[in-house]
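Report on one structure; see the data block that follows.
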Amino acid sequence: MPVNRRWPRNPQLSCTLRVVAREVPKKMNQFHVGIAAEAFAAALFARCGYDVSVQYGANQPEYDLAVIRGERMLKVSVKGSQDGGWGLTQSYLENANYHLAIDLWQARHKPRTVVCLVQFCDVPIAGVPRVYLATPAEIAAHMKASAKGRGDTILEEQKCWGHRSQAAGTTDEIPVSWHFAAETIERLMSTA
């Protein structure tokens with residue numbers, strides 16, 4: 001039996017898989033977004049060689065996963081989205097004070113907690129969502145700098161500000177250093 005056979009062996013199945021891979025699913029409800037995001041995040045951390053523990057019960061405070069290697073541990077708050085942004089600070093916003101809302105959001109996170117952002121927008125059903133990792137402090141600084149320094153309640157994956165906004169002509173986007181990678185986890189393990 002040859003070792004280098006390509007999967008799948010059935011050409012008709014291969015064609016079917018290519019069609020399914022391009023299919024973009026219907027919108028999920030928020031519960032399913034959260035479940036899918038946590039599952040993808042857990043799988044990615046496991047693929048990088050970390051032990052992953054899932055916190056039992058819905059809506060537990062502060063974090064969803066514990067990621068462990070040896071004596072080192074991170075608490076991971078997973079945020080899923082299917083629209084290109086994560087609404088993180090709306091519930092803290094009063095009198096259009098975006099920076100205060102961001103500060104209040106950041107203050108609720110304890111040391112050794114990181115945020116894993118999972119984006120399903122325009123991802124085919126058999127595709128892999130885009131995933132980012134950052135500390136609450138990094139996210140807060142980025143959100144305060146958005147909209148030309150005004151700040152915003154929504155962390156956007158990429159936002160091109162229109163001509164009617166305060167930030168007209170600018171683009172806010174997730175920093176490359178937040179992209180999910182083994183090096184990003186190691187950086188956060190060392191600094192968070």
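Quick notes on this one:
- Residues of the range 138-157 satisfying the condition of being in a helix (DSSP H, G or I) and closer than 16 Å to Lys79 by Cβ: Glu138, Ile139, Ala140, His142, Met143
- Scanning the range 61-88 for residues that are within 29 Å of Leu100 (Cα to Cα) and of a type in the set (A, V, I, L, M, F, W, C) yields Leu65, Ala66, Leu74, Val76, Val78, Trp86, Leu88.
- Some residue of the range 74-90 being more than 17 Å from Val33 (Cβ to Cβ) and over 17 Å from the mean Cα position of the chain (by Cα): no
- Any hit, the range 158-168, residues being charged (D, E, K, R), touching a Gly at 6+ places or on another chain (Cβ under 7 Å) and assigned to a strand (DSSP E or B): no
- Residue count for the range 61-76, restricted to those that are surrounded by fewer than 18 Cβ atoms within 10 Å (Cβ to Cβ) and either β-branched (Val, Ile, Thr) or under 26 Å from Ser146 (Cα atoms) (or both): 2.
- The set of residues in the range 84-100 being loosely packed, with under 15 Cβ neighbours inside 10 Å and either farther than 27 Å from Pro124 by Cα or acidic (Asp, Glu) (or both) consists of Gln90, Ser91, Glu94, Asn95, Ala96, Asn97, His99.
- Listed conditions (1) over 28 Å from Asp51 (Cα atoms); (2) touching a helix residue (DSSP H, G or I) at 6+ places or on another chain (Cβ under 8 Å); (3) surrounded by 20 or more Cβ atoms within 10 Å (Cβ to Cβ) are all met by Arg150, apart from (3).
- Residues in the range 160-180 that are among the small types (Gly, Ala, Ser), under 14 Å from Ala147 (Cβ atoms), surrounded by 13 or more Cβ atoms within 10 Å (Cβ to Cβ) and in contact with a strand residue (DSSP E or B) (Cβ under 9 Å, 6 or more places away or on another chain): Ala167 only.
- Residue match in the range 158-171 (condition: within 15 Å of the chain's Cα centre (by Cα) and either within 21 Å of Phe45 (Cβ to Cβ) or among the charged types (D, E, K, R) (or both)): no
- All positions within the range 142-186 that are at pLDDT 90 or above and of a type in the set (Gly, Ala, Ser): Ala145, Ser146, Ala147, Gly149, Gly151, Ser177, Ala181, Ala182
Condition check ((1) loosely packed, with under 15 Cβ neighbours inside 10 Å; (2) in contact (Cβ under 8 Å) with a residue 60 or more places away in the chain; (3) of a type in the set (S, T, N, Q)) across all residues:
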site	(1), (2), (3)
Ile102	no, no, no
Arg108	yes, no, no
Pro124	yes, yes, no
Thr135	no, no, yes
Met143	no, no, no
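- In the range 155-180, the residues that are free of Cβ contacts under 8 Å to residues at least 12 places away in the same chain form Cβ pairs under 6 Å with partners that are surrounded by fewer than 14 Cβ atoms within 10 Å (Cβ to Cβ) and assigned to a strand (DSSP E or B), at six or more places apart or across chains, as follows: Cys160/Thr171.
- When Thr16 is tested against (1) of a type outside the set (A, V, I, L, M, F, W, C); (2) surrounded by 11 or more Cβ atoms within 10 Å (Cβ to Cβ); (3) more than 27 Å from Leu155 (Cβ to Cβ); (4) modelled with pLDDT of 75 or more, only condition (4) is not met.
The values are calculated or read from the model by the stated rules, or taken from the named source; none is laboratory data. Since we're looking at a predicted model, the values are computed, not measured. Virtual Cβ from ideal backbone geometry, glycine too; neighbours counted across all protein chains shown.
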